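Presented below is the structure to which this report refers.
The values are calculated or read from the model by the stated rules, or taken from the named source; none is laboratory data. Please read all numbers here as calculations on a predicted model, not as lab measurements. Because the Cβ atoms are built from the backbone with ideal geometry, glycine has one as well, and the counts that use them run over all protein chains shown.
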Amino acid sequence: MEAANRTKNVKYAIRDIAVLAKQVAKKKKVISLNVGDPNRFDFRTPPHLIAAVTKAMKQNKNYYADSAGEEEAIDAIADFYRSKGVNVLNSDILISFGVSEAIGMCIAAFFNPGDNVLIPKPSYPVYSAYLNLYGIDQKFYTLNEDANWNLDVSDIEKNINDKTKAIVVINPNNPTGGVYDKQTLKDLVNLAGQHNLVIFSDEIYDELILEGKMYHTAALSKEVPVITFNGLAKNFLAPGWRTGWAAIKDVSGEIKSARDALFQLARARLCASTPQQYAIKSALQGNRKHVKDAVKKLKTRRDITFKRINEINGLSLAKPSAAFYAFPRINFGIDDKSFCTRLLEEEGVATVYGSGFDMPGHFRIVYLPKEDILNEALDKIESLVKRVKQ
C-alpha cells in the first residue's frame with residue numbers, strides 16, 4: 001500500500017534530526033540542543049502540580065473527561081484570561097492533548113483547501129505540517145531579524161489576498177526567542193480587522209520572559225476573533241503531560257460555525273488526558289517560584305549563548321528575549337542543513353537547521369543545558385565553523 005498523498009509534505013525537522021542523533025549516539029557522545037524539553041535538563045515539574053495529578057489519580061479521576069475538558073480546569077483557564085483582560089466564555093475553551101492537537105484541530109475545522117493562512121518566517125513547524133496535511137495553502141510573512149525578530153506588519157499586509165483567512169502569531173517566538181511590542185500587536189489586530197481575518201496567537205512561552213514585557217494578543221482586540229493557545233508544557237515544565245488548551249475570543253460570533261466544528265472534532269477524539277487536567281488550576285492559581293527560578297537560569301544561559309555565538313567569525317545572533325531558543329545566522333558558504341548535519345556527525349552536537357523552520361541560512365540552538373555542557377557545545381560549534389571556513 002502506498003502512503004496517502006496528504007502525508008508527503010508533512011515534515012517536522014525537530015524530530016527528524018533526532019533520528020539522526022540516535023544513530024550518531026551509537027558511535028559518540030551527543031549533546032542535544034535540538035529539542036525544547038526542559039525536563040531533559042535540570043528543570044523539574046513543580047511539586048504542587050504533581051500533587052494535584054496524584055490526588056486526581058487516587059480519587060479515581062481516571063475516566064474519560066468531557067470532550068471540551070473538566071469543569072474545574074476550564075474555570076481556571078477562563079479566570080486566568082479574564083485576569084489578563086481577555087473576556088473568554090467557559091464554553092469557548094477547549095482542553096487538548098498538548099497545544100499541537102489544538103492547533104491541528106483548529107486548522108481542520110476552520111479552513112478549506114484553497115484557503116491560505118499567513119504564518120511567520122521563521123515558524124514553528126507544526127503549522128506547516130498541519131496546513132500541508134489538510135491541503136491548506138500557506139503564505140509567509142518575514143520577521144525582522146534586525147529588530148530582534150519583531151513582527152513587520154507592512155510585510156504581513158503585502159501577503160494578504162482574497163483567499164487569506166487567518167494570521168498565525170507565535171509570541172514569544174519559537175525559534176527566535178523574540179517578543180513583540182504592544183503597538184506592533186495593536187497594528188496587527190487592526191490589520192486583521194480590516195481584512196476580516198482570524199488571529200491564532202500561540203503563547204506557550206508567555207511567562208518565560210527574560211527581558212521586556214509580553215502582551216496577550218486577545219487583550220488588545222475588541223472585536224477581531226483571536227484564538228489563544230497555551231498549556232502546561234513550557235511555563236509549568238510538564239511537556240510530557242501533553243496538556244494544552246485553546247481559548248476562543250469571539251465577541252460578535254463571527255466564527256461560530258467554525259467554533260462549533262472544532263468542538264465537534266473534539267467530541268470525535270473523546271478527550272484529553274483526564275488526571276493531568278487537574279494540574280491546570282494548581283498551575284494557574286498556584287505560586288510561580290519555579291518560573292522565577294527557571295528565568296534566572298535561562299538568562300545566564302542565554303547570555304552565554306549570545307556572547308559566544310557573536311564571538312564566532314561566521315555566525316551572528318539577535319539577542320533572544322524569551323523562552324530558551326537562539327536562532328543564529330550562518331554568514332559563510334554552507335547551507336544550514338549541511339551545517340547541522342556536519343555539526344552532529346563530526347562534533348556530536350544536535351541542533352535544528354533553519355530551513356526546518358522555513359528560514360534557510362540559520363539554525364536553532366536550545367540553551368537549556370547547564371553552563372558547562374552549553375559551553376562545551378559552543379566550543380564544538382566554534383570548532384566546526386573554523387574548520388569549514390578554512
Checklist entry - Can Lys319 be described as more than 30 Å from Asp66 (Cα to Cα), assigned to a loop (DSSP other than H, G, I, E, B) and within 23 Å of the chain's Cα centre (by Cα)? => result yes
Item to check | Condition check for Tyr63: among the aromatic types (Phe, Trp, Tyr) and either touching a Phe, Trp or Tyr at 6+ places or on another chain (Cβ under 9 Å) or closer than 21 Å to Met105 by Cβ (or both) | outcome: no
Checklist entry - Which residues, counting only those in segment 375-390, are touching a helix residue (DSSP H, G or I) at 6+ places or on another chain (Cβ under 6 Å) and touching a residue at least 60 places away in the same chain (Cβ under 8 Å)? => result Leu378, Lys380
Checklist outcome for this item: Of the residues in segment 138-151 that are surrounded by 16 or more Cβ atoms within 10 Å (Cβ to Cβ) and out of contact with any Gly (no Cβ under 7 Å at 6 or more places or on another chain), the one that is nearest to Ser201 (Cα to Cα) is Leu151
Next on the checklist: Let me confirm something: among Glu254, Glu207, which residue is surrounded by fewer than 21 Cβ atoms within 10 Å (Cβ to Cβ), within 26 Å of Phe110 (Cα to Cα) and touching a residue at least 24 places away in the same chain (Cβ under 8 Å)?
Outcome noted: Glu254
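Results for (1) within 20 Å of the chain's Cα centre (by Cα); (2) modelled with pLDDT under 95, shown as yes or no for each residue.
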position	(1), (2)
Arg6	no, yes
Ile14	yes, yes
Val24	no, yes
Val35	yes, yes
Thr45	yes, no
Leu49	no, no
Asn62	no, no
Ala65	no, no
Ile77	yes, no
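Return the residue satisfying two criteria in turn: it lies in segment 105-125 and is in a helix (DSSP H, G or I) and surrounded by 21 or more Cβ atoms within 10 Å (Cβ to Cβ), and of such residues it is modelled with the lowest pLDDT. Walk me through how you get there before you give the answer.
Within segment 105-125, the subset in a helix (DSSP H, G or I) is 105-110, 125.
Imposing the further condition that a residue be surrounded by 21 or more Cβ atoms within 10 Å (Cβ to Cβ) reduces the set to 105-107, 110, 125.
On the way: Met105: 98, Cys106: 98, Ile107: 98, Phe110: 98, Pro125: 93.
Per the criteria, the residue is Pro125.
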Next on the checklist: Just checking, does segment 301-314 include any residue being outside the structural domain of Asn196 (by TED's automatic domain parsing), in contact with a Lys or Arg (Cβ under 7 Å, 6 or more places away or on another chain), touching a residue at least 24 places away in the same chain (Cβ under 8 Å) and not in a helix (DSSP H, G or I)?
Outcome noted: yes
Checklist entry - Can Asp202 be described as crowded, with 24+ Cβ neighbours inside 10 Å, among the acidic types (Asp, Glu) and in contact (Cβ under 8 Å) with a residue 40 or more places away in the chain? => result yes
Checklist entry - From Lys222, Lys163, which residue is surrounded by fewer than 17 Cβ atoms within 10 Å (Cβ to Cβ), among the basic types (Lys, Arg) and either in contact with an Asp or Glu (Cβ under 8 Å, 6 or more places away or on another chain) or more than 28 Å from Asp92 (Cβ to Cβ) (or both)? => result Lys163
Checklist entry - Does Ala102 satisfy being under 27 Å from Val10 (Cα atoms), of a type outside the set (Phe, Trp, Tyr), in a helix (DSSP H, G or I) and in contact with a strand residue (DSSP E or B) (Cβ under 6 Å, 6 or more places away or on another chain)? => result yes
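Determine whether segment 229-238 contains at least one residue that is free of Cβ contacts under 8 Å to residues at least 40 places away in the same chain, surrounded by fewer than 24 Cβ atoms within 10 Å (Cβ to Cβ) and in the same structural domain as Ala272 (by TED's automatic domain parsing). Lay out the reasoning, then the answer.
Pass one, segment 229-238, residues free of Cβ contacts under 8 Å to residues at least 40 places away in the same chain: none.
So far as segment 229-238 goes, no, none of its residues is free of Cβ contacts under 8 Å to residues at least 40 places away in the same chain, surrounded by fewer than 24 Cβ atoms within 10 Å (Cβ to Cβ) and in the same structural domain as Ala272 (by TED's automatic domain parsing).
How about segment 26-40: which of its residues are in contact (Cβ under 8 Å) with a residue 40 or more places away in the chain and either of a type in the set (D, E, K, R) or under 15 Å from Val349 (Cβ atoms) (or both)?
Start the filter on segment 26-40 by keeping residues that are in contact (Cβ under 8 Å) with a residue 40 or more places away in the chain, which leaves 28-40.
Passing the criteria: Lys28, Lys29, Val30, Ile31, Ser32, Leu33, Asn34, Val35, Asp37, Arg40.
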